[in-house]
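Okay, structure first, notes after.
Nothing in this text is a laboratory measurement; each read-out follows from the coordinates by a stated rule. It should be emphasised that the depicted structure is a prediction, and the values quoted were computed from it without experimental measurement. Please note: Cβ atoms are built from the backbone with ideal geometry, for glycine as well, and neighbour counts cover all protein chains shown.
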Amino acid sequence: MASILDSPIEYLKGVGPQRGELLRKQLDIKTFGDLLYYYPFRYVDRSIIHTIAEINPLSQYIQLKGKITGFRTIGDKRSKRLVASFMDKTGEIDLVWFQRSDWILKTVKTNTEYIIFGKPNLFNGEFNIVHPEVDDVKEINEDGGKGLQPVYSTTDLCRKKGLDTRGIAKITKTLMEHISEYDVPEFLPTYLRDSFRLINRYSSLSSIHFPKNEKAAHEAQRRLKFEELFLLQLQLIKLKSNRQQVSKGVVLKNIDHLFDEFYNKHLKFELTGAQKRVLKEIRRDTLSGKQMNRLLQGDVGSGKTVVALLTMLMAADNGFQSCLMAPTEILANQHFESLSQMLAGMNVQVALLTGNVKGKARQNILQNLAEGKIHIVVGTHALIEEQVVFQNLGMVVIDEQHRFGVAQRAKLWNKNTTPPHILVMTATPIPRTLAMTVYGDLDVSVIDELPPGRKPISTLHKTDAHRAQLFGFMKNEIEKGRQVYVVYPLIEESEALDLKHLMDGYDSISRAFPKPQYQLSIVHGRMKPADKDFEMQRFVRNETQIMVATTVIEVGVNVPNASIMVIENAERFGLAQLHQLRGRVGRGAEQSYCILMTGNKLSQESKHRISVMCSTNDGFKIAEEDLKLRGPGDLQGTQQSGSVNLRIADLVHDAAILEAARKSAQKILEEDAALHKPEHQPLLSYLSKSSKQNSWSKIS
Ligand code: ADP
Ligand code: MG
């Protein structure tokens with residue numbers, strides 16, 4: 001049966017076709033239900049009246065009571081606006097309208113007492129309020145002071161048509177008059193609501209829009225946040241268990257000759273406790289008969305590569321092939337070389353397949369893969385192509401996963417009748433709350449320990465005034481045999497300009513570090529892959545002491561002898577990226593340094609980022625800060641892996657609710673996987689109705 005909530009939004013009284021179109025296009029509100037779930041992002045207490053004298057740069061939405069003393073129209077064409085002088089007992093402030101000024105002039109009188117509602121802005125050194133709401137004092141009093149008013153996010157185009165926060169509140173009020181408990185039935189089991197003291201669904205939806213008081217607003221939020229996170233977790237856990245039941249995995253029973261031979265004779269160091277633990281987890285997965293889907297998180301330099309290699313040797317010991325997929329050509333090359341080095345003297349066939357491998361060489365590799373003569377193939381996107389056929393692919397390792405989309409990964413699954421095991425490695429630490437949501441369907445392993453003997457990188461913030469000092473320091477380190485990275489930002493919109501910065505930087509470094517005493521490498525995105533590779537290799541072989549580069553070197557490059565990372569215009573980088581770049585040094589036994597170069601004037605946020613970088617080397621702490629600063633949508637690692645669009649819950653502040661929701665979801669599915677118990681029927685029917693519409697269906 002169709003629900004009233006499915007009705008097209010234009011049919012709601014007070015909306016109509018024109019505003020309906022706007023709601024659809026601008027706010028993605030297509031139905032009555034969408035409007036119901038369009039929650040306010042905060043409330044304003046309309047019983048409090050402020051004074052003009054109290055206004056300060058931190059003022060949010062406020063109410064003022066006073067009179068308009070006169071109107072004037074200023075500016076012309078696009079800057080034309082109506083300005084009113086508004087006075088209370090303590091002072092005067094301008095009210096400004098860019099639109100609908102005729103209507104304002106018609107309806108708003110001078111020298112009449114009004115309640116004004118809006119957010120003060122600082123403009124040319126003076127405060128004003130743009131597009132305020134203007135209410136008759138009498139009207140407000142009749143409403144009993146109006147109490148808490150919802151504030152909705154909206155757009156300029158919507159505002160123009162009266163869909164400002166108050167306009168949205170108004171149509172929402174109309175909507176609430178049309179729906180009852182019957183239209184939004186409860187689906188959370190009573191025992192769950194009791195144990196978390198959650199109010200019912202209908203009350204929460206009406207209170208979220210029009211709460212009687214702070215307490216009611218808070219209770220509504222808590223219930224709806226729980227609901228959102230609970231449904232999300234339920235979906236993710238179901239996805240995971242379905243996959244475990246459906247996707248059989250190849251069993252890697254033996255670990256004998258290749259694994260043992262490498263472990264006992266070729267591995268040059270003792271594995272860390274964390275590396276051993278992760279290998280045990282992988283071992284358990286690959287013996288289970290189910291497909292492994294594991295995310296391996298480990299900070300830069302924590303030694304993920306050797307874990308990947310040992311995992312691929314487990315496959316080889318059981319007659320299965322493996323592939324290791326890297327996001328860039330440089331990285332694929334480097335993985336190929338380091339694997340070949342580590343495996344030297346062993347009877348393991350490793351091949352490199354990238355876009356650069358062409359002609360006869362490529363044909364050879366393709367044939368050997370199909371015939372099963374290659375044990376491990378390292379490559380880039382080229383591995384996904386259809387012509388790449390394996391005899392029996394058993395293990396897929398994906399390095400630096402955030403560069404690969406879900407769909408691309410899925411193509412690899414299909415290269416074997418039984419899907420291969422999947423190990424996704426990432427050096428982007430993901431805060432726990434985010435991992436539980438974005439990767440809630442994967443098992444997560446963490447390498448939370450660095451190999452012994454690493455000295456913490458020391459990070460310093462310097463400005464142009466210190467450049468001579470910086471060059472002196474670089475010379476000292478180079479004298480000791482060390483190498484240096486100097487990195488410049490390269491952001492697409494201003495690519496040409498950034499390239500100029502890079503070249504200017506290169507020139508000035510060349511002058512300070514003249515040949516033949518010093519040799520420089522340069523790498524940037526506009527170079528041909530072969531040239532990039534050539535320059536990179538010179539640096540890897542220590543033929544050049546300074547690598548001047550853009551962020552193309554960000555991911556994975558391993559030159560343990562490099563001990564200084566200079567980041568130019570460091571204020572232009574995000575925290576995650578700064579941390580990645582810093583991870584390029586500190587890989588050997590020497591003390592390493594990361595120097596963040598910035599201009600003198602920095603925004604508050606840049607200052608904060610720089611100070612976070614200077615105060616910690618802990619990737620997880622940095623990721624938490626990044627999450628706080630930017631919100632989950634922008635975090636590296638979420639964009640392509642299916643981002644989470646949460647309506648009301650917030651991964652930074654609602655970690656406790658998330659934890660509770662996940663546990664509850666786990667428990668329910670353990671006890672009643674099919675949700676067939678009578679108390680779970682409403683939940684099941686809600687899920688089946690809404691699985692197509694909800695944000696969590698976007699996660700894969
Ligand atoms: P990442 O996790 O960033 O990919 P790598 O796998 O490149 O890190 O490892 C970084 C460096 O640490 C490499 O030179 C590697 O050989 C070395 N390494 C890895 N594990 C250990 C260990 N247990 N003991 C000593 N060195 C190790
Ligand atoms: Mg790596």
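General observations
- What the phi angles of the stretch 15-27 give under the Karplus curve with 6.51, -1.76 and 1.60, with θ = phi - 60°, is a coupling list of 9, x, x, 5, 6, x, 4, 4, 4, 5, 6, 8, 10 Hz, glycine and proline written as x.
- Degrees separating the helix 655-671 axis from the principal Cα axis of the chain, which is the longest one: 70 degrees
- Convex hull of the stretch 48-140 built on C-alpha atoms - directionally averaged projected area, nm²: 6.0 nm²
- Ranking of Thr354, Thr311 by count of other Cβ atoms within 10 Å, fewest first: Thr354, Thr311
- Prolate/oblate/rounded label for the chain (Cα gyration tensor, a/c 1.5): oblate
- Given R0 = 30 Å, the distance between the Cβ atoms of Gln245 and Ala2 translates into a calculated FRET efficiency of 0.30.
- Computed from Cα positions, the angle between helix 359-370 and the longest principal axis of the chain comes to roughly 90 degrees.
- FRET efficiency, 1/(1 + (r/R0)^6) with R0 51 Å, evaluated for Ala465 and Glu92 via beta carbons: 0.65
- Computed extension length for Ser338-Gln519: 62.7 nm, one decimal, from 0.36 nm per residue of separation with the Cα-Cα distance subtracted.
- Within the stretch 66-98: backbone nitrogen closer than 16 Å to the Val137 label point (7 Å, Cα to C-beta): 66-69, 86-91
- All lysines inside 24 Å of Lys215 as judged from Cα atoms, apart from same-chain residues fewer than 8 positions distant: Lys146, Lys170, Lys173, Lys225
- Each of Ile93, Leu58, Ser79 was scored by the projection of its Cα onto the charge dipole of the stretch 25-139, and the greatest displacement toward the positive side belongs to Ser79; charges sit on the C-beta of Lys, Arg, Asp and Glu.
- Under a 5 Å amide H cut-off, with hydrogens placed 1.01 Å from N, Thr31 pairs with Ile9 among residues at least 5 apart or on other chains.
- Around the amide H of Val444, modelled in the peptide plane, lie the amide H atoms of Leu295, all under 5 Å away and 5 or more residues distant in sequence or on another chain.
- Amide H to amide H distances under 5 Å link Lys462 with Leu596, Met597, Thr598, where only residues 5 or more positions off or on other chains count and H is placed in the peptide plane.
- Folded to 0 to 90 degrees: helix 304-317 orientation relative to the chain principal axis, Cα: 60 degrees
- Here the Karplus relation 6.51 cos²θ - 1.76 cosθ + 1.60, evaluated at θ = phi - 60°, turns the backbone of the stretch 420-426 into coupling constants of x, 5, 10, 10, 9, 10, 9 Hz, with x for every Gly and Pro.
- Treating r as the C-beta distance of Lys689 and Ala655 and R0 as 30 Å, the FRET efficiency rounds to 0.55.
- Packing-based exposure ordering (other Cβ within 10 Å, fewest first) of Cys614, Cys158: Cys614, Cys158
- Cβ-to-Cβ counts within 10 Å put Lys290, Lys13 in ascending order as Lys13, Lys290, the fewest first.
- Total charge dipole magnitude, the chain, about the Cα centre, Cβ charges on Lys, Arg, Asp, Glu only, Debye to nearest 20: 420 debye
- With 21 Å as the limit, the listed pairs Lys212/Lys663; Lys663/Lys689; Lys119/Lys212; Lys65/Lys160; Lys248/Lys415 have Lys212/Lys663; Lys663/Lys689; Lys119/Lys212; Lys65/Lys160 beyond it between alpha carbons.
- Taking 0.36 nm per residue of sequence separation and removing the Cα-Cα distance, the Arg193/Leu602 pair yields an extension gain of 142.4 nm.
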